[in-house]
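Note sheet for the following structure.
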Amino acid sequence: MRYRKLGNTGLIVSEVGFGTIPILQGSVPVLPEYFNLNEKQAVSVMESAFRLGCNLYDTAVVPEYGDAEIKLGKFALGIGREKIVISDKARFFDGNEMYTAVLESCENLGTVPDIYFVHQADPDHEEEIFQKGGALDALCELKEEGRIRFTGLASHYYDILLRGAKDARVDVLQGSGNLLERGMLERIAGEPLFRAKGFLVNKVFAAGILPAFFPVEVLIKAVLSYPVSCTLVGIGSVEQAEAAFMQDTLSADVLLPDFEQVLTVLEKKFRPIPCDRCQRCLCPRGTEIHTVFRQYNYYFLGKDYWALRKLDMGIGESAELCRRCTDMPCLSMCPAKIRIPDEMERILRLVRDHTIVRHSF
C-alpha cells in the first residue's frame, strides 16, 4: 500500500480507503451487493484491510449507513485508535442539526472523528451550508471544541466543491469520479485551488458497475492518476479487501484506457451517451443533463430498475423543456458535442417503452 498527504491536514492516508456501506446492517439497501454483516464479521473484514495497509475508514451517521458507524468504532477500539483515520459525515445543512449529528457520531464511534463532512451538498442547500450559522460554521465550532479534528465538504457537484476549495473553513473535500465519469476529476486537476485541500474520491466503481467491465486495479489506478489523496472503495468481504488493497503489486506499466477506449468497451453492451459528467452543460431551465445521461448509461450497465425509476421521475418534463428551448446553450457548452436534445428524446422513448411494458401486466 502506498500513502499520500491529505492536503494541509498533516495526515498521511492510504491511497485506497475503506468505504463502510457494505458492512452495515439495517434497512439501507444502498449497494447492489448487500452483505448484511454482523459485528464480528464486519470487524474481521476491517482488520483484513488494515493488515493490507489501509488506514482510512469512511462512514456516515446512523441511520443513514445503518450501524456501520458503531461497527467502525468497535474496530477502532480493538485495533488502536491512533493507527487509523476516521472520516465521517452527515446529510444535515443547518448548523444546529449538524452540531447534534456530530455529537451522536462521537457517541456511536466512542471516539473523535478525524474528518467530518457535510454530506451530499447540493445546489438546493448550498446557501444554507455556507451561510453564517450553517453546517460549515457548526463544523468549525466543533473543531475548535476538539470534537472533530478537521472539517469536510462532500458533494457530487463541481461548482460546490470549487466553492469549498476557496473557503478557508474547509479542510478536506470529497467528490465522485471514475474511469467513465472522469469529467469532474479532469476539472479538479486543472484548478490549482484544490491543491491545498485533502481530496477523497467516492464512486470509484460507479455503484459497483464498472468491475464487470474493467479490472479493479485499473479502476483504482485511474482515479489515483489525478491529484487526489485517497480513493474510497466499498468493502464487504475479505476477498474484496484483498482485491482493493493489494495495489503495491500493480505494475507501473499497466496502461489506463482513455475515455474513447472506455466507450469502446461499453459499446459491446449498448450505445452509451459519451458524457463524462464534466458538468459544463448548464441548462437554463434547471435540468441536470449530466445526471439524466448518467441514469441512462447506468440502466444498461446493470442498474436497470434503479436507474429507470430515477429517470421516470422527471424525464418527461425535462424532454418537454428541451423541446421548448430555442437557443440551446447546452450544445455550445458540451465539450463532447453531444446532441443533447436528441439524447433526451431517446431517453424519453426508453422510459415510455418500459412504462408501457410494466403497465401491460
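Just so you know, all these numbers are worked out from the coordinates, no wet-lab data involved. Remember, it's a predicted structure, so these values are computed and weren't measured experimentally. Cβ coordinates were reconstructed from backbone atoms using ideal geometry, including for glycine residues, and neighbour counts include every protein chain displayed.
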Is it possible to state the helix-based mean residue ellipticity at 222 nm for the chain, with each DSSP H run of 4+ residues giving -39500 (n - 2.57), the sum divided by total residues, to the nearest 500 deg cm²/dmol? What is it?
-12500 deg cm²/dmol
Can you put SER44, SER332, SER87 in order of Cβ neighbours within 10 angstrom, beginning with the fewest?
SER332, SER44, SER87
In nm, give the distance between the simple-model label positions of MET1 and ARG195, each being 7 Å from the Cα along the Cα-to-Cβ direction.
2.8
For the charge dipole of the chain, defined by +1 on Lys and Arg C-beta atoms and -1 on Asp and Glu C-beta atoms about the Cα centroid, which residue among PRO257, ALA206, LEU142 has the Cα displaced farthest towards the positive pole?
PRO257
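Based only on other Cβ atoms within 10 Å, what is the fewest-to-most ordering of SER48, SER229? Write out the running numbers ahead of the final one.
Numbers: SER48 19, SER229 26.
By the 10 Å Cβ count, ascending: SER48, SER229.
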Within the range 43-70, name every residue whose backbone N is under 20 Å away from a label modeled 7 Å from Cα of VAL238 along the Cβ vector.
43-55
Build a GNM of the chain with springs between Cα atoms under 10 Å: which of PHE130, PHE92, PHE213 gets the top mean-square fluctuation?
PHE213
Which value, in debye to the nearest 20, describes the size of the charge dipole of the chain about its Cα centre when Lys and Arg Cβ atoms bear +1, Asp and Glu Cβ atoms bear -1, and nothing else is charged?
720
Say each of SER225 and ASP304 gets a label point 7 Å from the Cα, pointing the same way as Cα to Cβ; how far apart are those two points in nm?
3.2
For the chain, count the residues as N, evaluate 2.2 N^0.38 Å, and divide the Cα radius of gyration by that value, please.
0.99
Write down the percent of antiparallel bridges among all DSSP beta bridges whose residues are both part of the chain, to the nearest 5.
10
Work out the length of the dipole vector of the range 269-359 about its Cα centre, built from +1 on the beta-carbon of each Lys and Arg and -1 on the beta-carbon of each Asp and Glu, and round it to the nearest 20 debye.
200
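Counting other beta carbons within 10 Å of each Cβ, put GLU242, GLU267, GLU141 in order, fewest first.
With the fewest neighbours first, GLU242, GLU267, GLU141 line up as GLU267, GLU242, GLU141.
From the C-alpha gyration tensor of the range 115-240, pull out the three semi-axes of the equivalent ellipsoid (sqrt of 5λ each), sorted largest to smallest, in whole Å. Show your work: numbers first, answer last.
Working: eigenvalues 149, 51, 33 Å².
Value: 27, 16, 13 Å, ordered largest first.
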Here the gain from full extension of LEU256 to ALA168, 0.36 nm per residue of separation minus their alpha-carbon distance, amounts to 28.2 nm
For the chain, modelled as a Gaussian network with Cα springs under 10 Å, which listed residue fluctuates most, VAL61, VAL172, VAL238?
VAL238
What's the center-to-center distance, using Cα atoms, between the range 271-323 and the range 146-214 in Å?
21
